[in-house]
Amino acid sequence: MIDLKNLTIKKTLESLQKGEYTSVELVSAYLEQIKKVNADVNAYLEVYEDALVQAKVADEKRATRATSGNAGLDSVNSLLGIPFAIKDNILFAGHRASASSKILEQYVAPYDATVIAMLKEAGAVFIGRVNMDEFAMGGSTENSAYGVTKNPHDLERVSGGSSGGSAATVAMDGALISLGSDTGGSIRQPASYCGVVGLKPTYGRVSRHGLMAMGSSLDVIGPITKTVEDAELVFNAIACVDADRYDSTTLTKKEVEEMTASHNINPEKKPTKLRVGIVPELMNLGGLSNEVKENLDASIELFKKAGYEIKEIAMPNMKYSLAVYYILMPAEVSSNMARFDGVKYGSKVEGADLLQDYLNTRGELLGKEVRKRIMLGTYVLSSGYHDAYYNKANIAKDLIASDFKKAFEEVDVILTPTAPTPAFKIGAHTSDPVAMYLEDIFTVTANLVGVPAISIPSGFAEVDGESAKLPLGIQLMAPHCREDILFVAGKKFEELRG
Amino acid sequence: MTITQADIQKLASLSRMKLTEEEQTQFAVEIDSILGYVEQIKEVSSGAQGNASHADKKPADIAHRNALREDVADTDLNPDASILIDAAPAEEQGFVKVKKILG
């Protein structure tokens, strides 16, 4: 019996290496667990038929390496036999990818996303694809065409979103690791709701090739894991320069070096004394629950205990982040979603002529939230409103970016709650889009500015009159390309929480 | 700013999407409430543009650089064309099939 609850990448690789169990046995254990809990949680949309075949290949590879005297792990096989779940908007050649939409119900990926190709190279095994808000638009997976993913900690509550299936599956031991995508908090917020770790890398540090586009200036792929160390290992395996081939928005080697050097600190140097910025004005924004506030205070105390310096910083323009996001993101959505026209891929609803084909296909096969955002984007980009919304939002975005630049002259990392509340009840926000969007208030900023951010479990909230305890998370943000600072601070935080 | 049913119909038509009447009413209310929320960016002064000079902002620099590769055919870059054609909802003799475009 494999103890799935307490596995990490390192432990798993050791056990596989020692022959305590095989990849096939490990994947079988996950498949058993999925059989047991997925009917309640609804994290998996599909378990791949070839999951065990992939595991067998990993076992054979390990055996060959052992006999050839090359048993150690190197970068090529850094994740040999590690089971992953994939968010349904990332392409894995020959396998279905629907973005949890009806319009792509039958779509089969024609090629591998760069992250998938890199993970294959590292020896990962892909168990299946997991649920999400349709085309990653939402914060609860309630917008999936295939039903909501429930929170493993309380089945009456949402798992968060849009990578709700990715977070829930790690929380329910349905996979050791999952991949998510984050446009405004879609990795971090569900990770916080489900009590797991979620990393949004620096924009451009991980290739978006093979990720279905939502907001192209914001989208990034990242891991959801149980520990910060696992997030670091997966990040190291998927970070790359893809600018000369598939994704021209990935950073070049030179850019990565320059950005890394521009914040002059070595977090590995002992004793580590990082400067942690907190933003008092953010605490006054509406909608912040008491449990979250108290939990943040407790987290600040932990960092003080670690010998870190806590500094109050001013971010005068951060309050506009959510408004800026809900202008720029729909604007990009409205153009990215134009490709779903019933001609090139996916399903189609026939009409009398080509125009009717478009109207029917998009009207009937795209869900409400997707259509709402397309129309919102069309509105803010339309002549007469372009200056008032889109251009203004870009100006505000630059101001927010300069707030960050100034802040990172004084601190190494910025600490906020990940979300203003613990996971909410299914259906709680369905009639009020703004209340739903407010759940993104702490996370969208990192996407607008492009900095890396991580959500780490920070405790539980007890909700009146309910037996289940709901997980909470803190968010750490670092300067561009300084994921290393997040990992050092994050591991320290985990260690102190015990 | 109030979004009317007529605005919604125009947006739906521009975005090539059919909406039911019920959806039109619902979207008018919801889009109105979202626009009500994002209104706050009007407080940001347009003159503020000068504060965020180009030299100041890294992400924008990234957005504005060219990333070109050699203009050579690389078959590795693309999967077999037939796989892509197969993904289309309708095909005929190896072509994607669409309805007549010109009247």
Given (1) more than 9 Å from chain B (Cβ to nearest Cβ); (2) surrounded by 14 or more Cβ atoms within 10 Å (Cβ to Cβ); (3) farther than 30 Å from B:S33 by Cβ; (4) not basic (K, R), number of the condition A:D297 does not satisfy
(2)
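A quick yes/no check of all residues on (1) out of contact with any Lys or Arg (no Cβ under 6 Å at 6 or more places or on another chain); (2) over 21 Å from A:C240 (Cα atoms); (3) polar (S, T, N, Q):
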{"residue": "A:S163", "(1), (2), (3)": "no, yes, yes"}
{"residue": "A:S166", "(1), (2), (3)": "no, yes, yes"}
{"residue": "A:G174", "(1), (2), (3)": "yes, yes, no"}
{"residue": "A:I177", "(1), (2), (3)": "yes, no, no"}
{"residue": "A:G180", "(1), (2), (3)": "no, no, no"}
{"residue": "A:S192", "(1), (2), (3)": "yes, yes, yes"}
{"residue": "A:G204", "(1), (2), (3)": "yes, no, no"}
{"residue": "A:R208", "(1), (2), (3)": "yes, no, no"}
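Is one or more of the residues making up segment B:6-27 assigned to a helix (DSSP H, G or I), at pLDDT below 85 and surrounded by 13 or more Cβ atoms within 10 Å (Cβ to Cβ)? Show your work before the answer.
Going through segment B:6-27, the residues assigned to a helix (DSSP H, G or I) turn out to be B:6-14, B:21-27.
Still in the running and at pLDDT below 85: none.
Looking for residues that are assigned to a helix (DSSP H, G or I), at pLDDT below 85 and surrounded by 13 or more Cβ atoms within 10 Å (Cβ to Cβ), one finds none in segment B:6-27, hence no.
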Spot the failing condition for A:N264; the list is (1) assigned to a helix (DSSP H, G or I); (2) not assigned by TED's automatic domain parsing to the domain that holds A:A175, and only one is missed.
(1)
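Can you pull out every residue in segment A:14-37 that is open to solvent by less than 30 Å² (accessible area, probe 1.4 Å), within 24 Å of the chain's Cα centre (by Cα) and more than 11 Å from A:V125 (Cβ to Cβ)?
Restricting attention to segment A:14-37, the residues satisfying the condition of being open to solvent by less than 30 Å² (accessible area, probe 1.4 Å) are A:15-16, A:21, A:23, A:26-27, A:29-30, A:34.
Next, from what is left, pick out any that are within 24 Å of the chain's Cα centre (by Cα): A:27, A:30, A:34.
Listed by number, the list holds a single entry, A:I34.
If a residue must be facing chain B (nearest Cβ under 7 Å) and open to solvent by 10 Å² or more (accessible area, probe 1.4 Å), how many such residues does segment A:349-361 contain? Don't jump to the end; show me each part of the working.
Start the filter on segment A:349-361 by keeping residues that are facing chain B (nearest Cβ under 7 Å), which leaves A:353-354, A:357-360.
Those left that are additionally open to solvent by 10 Å² or more (accessible area, probe 1.4 Å): A:353-354, A:358-360.
Selection size over segment A:349-361: 5.
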Here the residues within segment B:37-68 that are open to solvent by 50 Å² or more (accessible area, probe 1.4 Å) and modelled with pLDDT of 75 or more are B:Y37, B:E39, B:K42, B:E43, B:N66, B:L68
Can you pull out the residues in segment A:214-264 that are under 20 Å from A:E494 (Cα atoms) and surrounded by 21 or more Cβ atoms within 10 Å (Cβ to Cβ)?
A:G222, A:P223, A:I224, A:T225, A:K226, A:V228, A:D230, A:A231, A:E232, A:L233, A:V234, A:F235
Which ones in segment A:265-288 are of a type in the set (G, A, S), over 15 Å from A:S299 (Cβ atoms) and surrounded by 10 or more Cβ atoms within 10 Å (Cβ to Cβ)?
A:G287
Residues located in segment A:118-159, provided they are at positive phi and aliphatic (A, V, I, L, M)
A:A136
Is it the case, given these coordinates, that A:T378 is among the β-branched types (V, I, T), crowded, with 18+ Cβ neighbours inside 10 Å, under 21 Å from A:L328 (Cβ atoms) and away from chain B (no Cβ under 11 Å)?
no
Quick check on A:S207: is it surrounded by fewer than 24 Cβ atoms within 10 Å (Cβ to Cβ), within 14 Å of chain B (Cβ to nearest Cβ) and polar (S, T, N, Q)?
no
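To keep it simple, each residue is scored yes or no on (1) among the polar types (S, T, N, Q); (2) touching a residue at least 24 places away in the same chain (Cβ under 8 Å); (3) under 19 Å from A:K293 (Cα atoms).
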residue: A:I414; (1), (2), (3): no, yes, yes
residue: A:N447; (1), (2), (3): yes, yes, no
residue: A:G450; (1), (2), (3): no, yes, no
residue: A:S455; (1), (2), (3): yes, yes, yes
When only residues in segment A:90-148 that are open to solvent by 10 Å² or more (accessible area, probe 1.4 Å) and β-branched (V, I, T) count, which is nearest to the other protein chains (Cβ to nearest Cβ)?
A:V108
Subset of segment A:1-12 [open to solvent by less than 90 Å² (accessible area, probe 1.4 Å) and within 24 Å of the chain's Cα centre (by Cα)]:
A:L4, A:N6, A:L7, A:T8, A:I9, A:T12
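Quick test for you: out of A:T202, A:T225, A:T169, pick the one residue that is touching a helix residue (DSSP H, G or I) at 6+ places or on another chain (Cβ under 6 Å), of a type outside the set (D, E, K, R) and outside the structural domain of A:A401 (by TED's automatic domain parsing).
On the way: A:T202 fails: touching a helix residue (DSSP H, G or I) at 6+ places or on another chain (Cβ under 6 Å); A:T169 fails: touching a helix residue (DSSP H, G or I) at 6+ places or on another chain (Cβ under 6 Å).
A:T225 is the lone residue from the list that is touching a helix residue (DSSP H, G or I) at 6+ places or on another chain (Cβ under 6 Å), of a type outside the set (D, E, K, R) and outside the structural domain of A:A401 (by TED's automatic domain parsing).
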Do you know which residues across segment A:300-327 are within 14 Å of chain B (Cβ to nearest Cβ) and touching a Gly at 6+ places or on another chain (Cβ under 7 Å)?
A:Y325
Can you find a residue in segment A:268-286 that is within 14 Å of chain B (Cβ to nearest Cβ), acidic (D, E), more than 30 Å from B:K42 (Cα to Cα) and part of a loop (DSSP other than H, G, I, E, B)?
no
Just one of (1) assigned by TED's automatic domain parsing to the domain that holds A:E309; (2) in contact (Cβ under 8 Å) with a residue 40 or more places away in the chain; (3) not β-branched (V, I, T) trips up A:L381, so point out which.
(1)
Taking the condition under 26 Å from the mean Cα position of the chain (by Cα), at pLDDT 95 or above and under 30 Å from A:A97 (Cβ atoms), does A:A243 pass?
no
Give me the helices (runs of 4 or more DSSP H) completely within segment A:385-488, filtered to those with at least 3 residues that are small (G, A, S) and open to solvent by 10 Å² or more (accessible area, probe 1.4 Å), ordered by residue number.
none
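In the set A:D59, A:D40, A:D50, which member is of a type in the set (D, E) and crowded, with 16+ Cβ neighbours inside 10 Å? Don't jump to the end; show me each part of the working.
Values: A:D40 fails: crowded, with 16+ Cβ neighbours inside 10 Å; A:D50 fails: crowded, with 16+ Cβ neighbours inside 10 Å.
Going through A:D59, A:D40, A:D50 in turn, just one is of a type in the set (D, E) and crowded, with 16+ Cβ neighbours inside 10 Å: A:D59.
The values are calculated or read from the model by the stated rules, or taken from the named source; none is laboratory data. Remember, predicted model here, so these are calculated numbers, not experimental data. Virtual Cβ from ideal backbone geometry, glycine too; neighbours counted across all protein chains shown. The area values use the complete protein model at the heavy-atom level, side chains included, leaving out ligands, DNA and RNA. Shrake-Rupley method; radii C 1.70, N 1.55, O 1.52, S 1.80 Å.
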